[in-house]
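Below you'll find the structure, written out as structure tokens, and then a few comments.
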Amino acid sequence: MPYVVTQSCCADASCVVACPVNCIHPAPGEPGFGTTEMVYVDATACVGCGACATACPVGAMVPDAALTTKQLPFLDLNAAYYDTFPHADRTPVALVPQQRRLTRPGPFRVAVVGAGPAGLYTADELLKHPEVHGVDVYDRLRTPYGLVRHGVAPDHASTKLVTRLFEAIERQPRFRYFLDVAVGADGGITLADLRRHYDAVVYAVGASADRSLGIPGEDLAGSVAATALVGWYNGHPDQQELDVPLRHERAVVVGNGNVALDVARVLARPLDVLERTDLAPGPLEQLRASRVREVVVLGRRGPAQAAFTVPELIGLAALDDVDVVVDADPALLAGDDQRSALLRELAERPVDPASTRRRIVLSFTSSPVEILGEDGRVTGVRVARNDLVPGDDGTIRARATDDVHTIETGLVVRSVGHRGRPVAGLPFDEAAAVVPNEKGRVEPGVYVVGWIKRGPVGFIGTNKTDAQETVETLLDDLDAGLPAPTGSASAIAALVAERHPDAADLAAWQRLDAAERDRGTRAGRPRAKITDVGEQRSIAAPPVVVRRRGLLRRTVALTS
């Protein structure tokens, strides 16, 4: 009974190492590891032991006999990988490299700025080395986990199970949180402060800005960046006042990556589904009154060039609570690639014209040329049909035609990619929107990891491989001899307390986490996120200890 991977996974290699017969690929060191949409199980080599299912933090490994009808496409997806990459030369047992030891004894202390996946994977890699006596993780928010908390779609609950790994990392004895601490902000902790108190500083600050469309009307009310909308429905404190007009029957999402599909699902899925997720309470109430019945997802190129991953498309096709419609020239669906085949199957599905379900329309070869509005608010978007033209390098490019039409809508969501922001004290490449680096090194003692290092590409698990590279570079520099810090672990804690008296530690986060889970349980949900910063601070505050000295004295006197 072989196992099958059933979703776009975190690709952190836990299952690869756990497998006793090395039947899961690509493995570390193989082409594609950490960059493919998922890992794949070779059914001919799998012995069905279940070790991978035990190791998988997101529950993606399922026995083939337990697959639902909607999960069956993953059988073909796994098989197709091994048709292309047979891996006939596999070693019979997954190999674990010998643990590196530093040539200098330390003790060393490292600061990591950013508590998302990249930052926590970096902390984990550092703590594997006994010479590193302390890793302090800073984040400007009071809640860790970055895009896992504020980016993963609420209806992708299994993906969020990767937080179990993060919980194990943060429970390590040499790990420490400084949450609700803005590094680099006026009056806060600076890079110079960190360098005085740590042997090395690693920035894992992600790419929090969005890319613009560069068309007229983009600044109208009702034209919203996907980064902001995703933060809104996921409970990011900065986005809870976002203006999200839901009064029109149609919404338009520009871009067709995984984030675009996430947005489309959240806007289109029935309320009873959303009520069972961790979608933020305020946005959930607004979605309760939503009039949106159709979400149009615009892709500028054809089905074969769509940016969304095949696992995400399989998941969308499996939904039975929304209708999925494909708007594409049938000739563009004739390809033998996996995306085209799945979209062709979707296009051939009958759609009941009397259906009352909401629908998602996947529209290809379409580009917005102008967002229309009245009285400062969006009323529609002008869209041009594109011709697909091969470039000199063989890449298929979209070329706008004179075939232009208008889609009426009150909400346009711009989902064309993330972009990094400049980091105080570090150089910045405006064109690539990253901090220039060499394998993570900005300069000896200062490093980057994650999207601010490589750009907004890859999956959650990609950050593990990326963290390993940056940490290797950092360890090389420690061995070569970095200047020792003049401060201490206690001194930096005192400085943080002075400049950020509301700073939170691991215990404070655990109290807030427990409160959210408790509220969620009472509402029949996995958690009810607390989005107000003041309320977060109040709930996470240490419990007040009441000392009853007088009562104790009286008790002692009566019993003596």
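Here are the numbers for this structure:
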item	result
Rule-of-thumb Rg ratio for segment 240-415 [Cα; 2.2 N^0.38 Å; N residues]	1.05
For the chain: lysine pairs under 25 Å (alpha-carbon distance), excluding those fewer than 8 apart on one chain	11
Förster radius 45 Å - calculated FRET efficiency between R174 and R522 (Cβ-Cβ, nearest 0.05)	0.80
Segments 353-361, 381-389 sorted - mean Cβ within 10 Å per residue, highest first	381-389, 353-361
Expected 222 nm ellipticity per residue - DSSP helices of 4 or more, -39500 (n - 2.57), all of the chain, to 500	-9000 deg cm²/dmol
Extension gain from D429 to Q240, taking 0.36 nm per residue of separation minus the Cα-Cα distance	65.0 nm
Proxy reagent accessibility, fewest Cβ within 10 Å first, across W232, W451	W232, W451
Local electrostatic count, D476, Cβ distance below 15 Å [Lys/Arg +1, Asp/Glu -1]	-4
Percent of C-alpha pairs per 5 Å bin, segment 332-387, short to long	4, 13, 15, 16, 16, 18, 10, 5, 2, 0
Shape call, segment 3-84: gyration tensor on alpha carbons, a/c limit 1.5	rounded
Largest to smallest principal axis extent of the C-alpha atoms in segment 283-352, angstrom	43, 27, 21
Computed FRET value (nearest 0.05) for L495 with V533, which takes r as the C-beta separation and R₀ as 25 Å	0.70
Which labelled figure in (i) 0.92; (ii) 1.04; (iii) 1.00 is Cα Rg over 2.2 N^0.38 Å, once derived from the coordinates	(ii)
Per-peptide average of other Cβ atoms within 10 Å, ordering 247-255, 188-196, 405-413 highest first	247-255, 405-413, 188-196
Share antiparallel - DSSP beta bridges, the chain, percent rounded to 5	40
Ordering of 506-514, 297-305 by burial proxy (mean other Cβ atoms within 10 Å per residue, highest first)	297-305, 506-514
Between 0 and 90°, nearest 10: helix 462-480 axis offset from the chain longest Cα axis	40
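Every read-out reported here was derived from the displayed coordinates using simple, explicitly stated rules and does not represent laboratory data. Please read these numbers as outputs of a predicted model, since none were measured by experiment. Cβ: placed from backbone, ideal geometry, glycine included. Neighbour counts: every protein chain shown.
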